[in-house]
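Below you'll find the structure, written out as structure tokens, and then a few comments.
The values are calculated or read from the model by the stated rules, or taken from the named source; none is laboratory data. On a predicted model such as this, the values are computed, not experimentally measured, just so you know. Cβ placement follows ideal geometry from the backbone for every residue including glycine, while neighbour counts extend to all protein chains displayed. For accessibility, only protein heavy atoms count, side chains too; no ligands or nucleic acids. Shrake-Rupley method; radii C 1.70, N 1.55, O 1.52, S 1.80 Å.
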Amino acid sequence: MKLYWCANTRAFRIAWLMEEAGVRYERVVIDIHDAAAKSDPAFRAVSPMGKVPALEDGAARLSDSGAICIYVADQYTAARLAPPVGHPERARYLQWITFTNSVIEPAMAEKFAKLEPRPTSFGWGSFDLMLATLRSELSRGEWILGESFCAADVLLGTSAFYLKQFGLIEDDPVLEAYAARCQARPAWQRAKAFDTAPK
């Protein structure tokens with residue numbers, strides 16, 4: 001497998017996922033700030049929009065973080081990063097593995113752009129509704145599925161981390177404790193070590 005990756009981008013969360021999955025993969029560095037690098041045909045075949053992360057696994061090519069998480073968890077089951085199809089927790093898992101891309105990130109954009117909240121019109125509700133919902137769900141257990149860490153925690157955990165890093169939350173015991181649990185995981189630390197390594 002090849003993970004097209006650039007430091008200090010959303011590609012970190014997929015590097016963390018790959019470390020959690022324990023599968024062999026190659027990190028292919030793409031400087032997304034360099035137009036020539038982004039135009040590399042091999043990279044664009046995997047990521048038509050020139051974005052990272054992007055994953056190539058044989059004939060499989062994905063360039064959406066949520067899709068990559070679902071694919072890796074379902075394809076490489078030894079790490080038990082997803083409830084299998086038919087499991088009672090599968091629906092909850094799918095709900096939360098899509099929450100970052102469909103709700104958290106649009107709500108963060110709303111906050112950064114200082115848009116007037118329109119919870120009945122915006123598909124993500126509002127920033128405040130997103131936070132209240134996420135906080136409530138994470139209050140139920142150590143991880144989003146309770147006691148079992150899953151691929152959804154990769155996306156939600158990085159979101160909780162960046163909500164604090166970007167100054168969008170203050171003194172939030174639930175989200176801060178959750179982010180701290182994620183950061184304590186050895187796979188997070190391995191991914192962070194090369195994400196922040198000197199170039």
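Listed by chain and number, the lysines placed with their C-alpha closer than 26 angstrom to that of LYS192 are LYS2, LYS38, LYS51, LYS164; residues fewer than eight positions away on the same chain are left out.
Taking the mean number of other Cβ atoms within 10 Å as a proxy for protection, how do you rank 44-56, 27-39 from highest to lowest? If you can, show how the numbers build up before the last one.
Working: 44-56: 19.6, 27-39: 13.7.
Ranked from most to least packed, the peptides come out as 44-56, 27-39.
Using the Cβ atoms and a cut-off under 12 Å, what net charge is assigned to the surroundings of GLU26, where Lys and Arg are +1 and Asp and Glu are -1? In short, +1. The phi-based Karplus calculation (6.51 cos²θ - 1.76 cosθ + 1.60; θ = phi - 60°) puts the 3J(HN,Hα) values of the stretch 108-120 at 5, 4, 4, 5, 4, 7, 6, 6, 5, x, 9, x, 8 Hz, whole numbers, x for Gly and Pro.
Roughly how many percent of the accessible protein surface of the chain is carbon and sulfur, given a 1.4 Å probe and a whole-percent answer? The nonpolar share, carbon plus sulfur, comes to 53 percent. For the residues PHE12, PHE166, a 1.4 Å probe over the protein chains yields an accessible-area ranking, largest first, of PHE166, PHE12. Taking every C-alpha pair closer than 8 Å and separated by at least 6 residues, the mean separation divided by the residue count of the chain gives a relative contact order of 22 percent.
If you work out Kirkwood radius over Cα pairs in Å from the coordinates, which of [x] 19.2; [y] 18.0; [z] 17.5 do you get? So the structure-derived entry is [z].
With helices as the sole contributors, the chain gives -14500 deg cm²/dmol at 222 nm; each DSSP H run of n ≥ 4 counts as -39500 (n - 2.57), and the sum is divided by every residue.
For the chain, what is the percent of antiparallel DSSP beta bridges, rounded to the nearest 5? Just about 65 percent of them are antiparallel.
Phi angles across the stretch 151-166 convert, under the Karplus curve 6.51 cos²θ - 1.76 cosθ + 1.60 with θ = phi - 60°, into 3J(HN,Hα) values of 4, 4, 5, 4, 6, 5, x, 5, 5, 4, 4, 6, 4, 6, 4, 8 Hz, Gly and Pro given as x.
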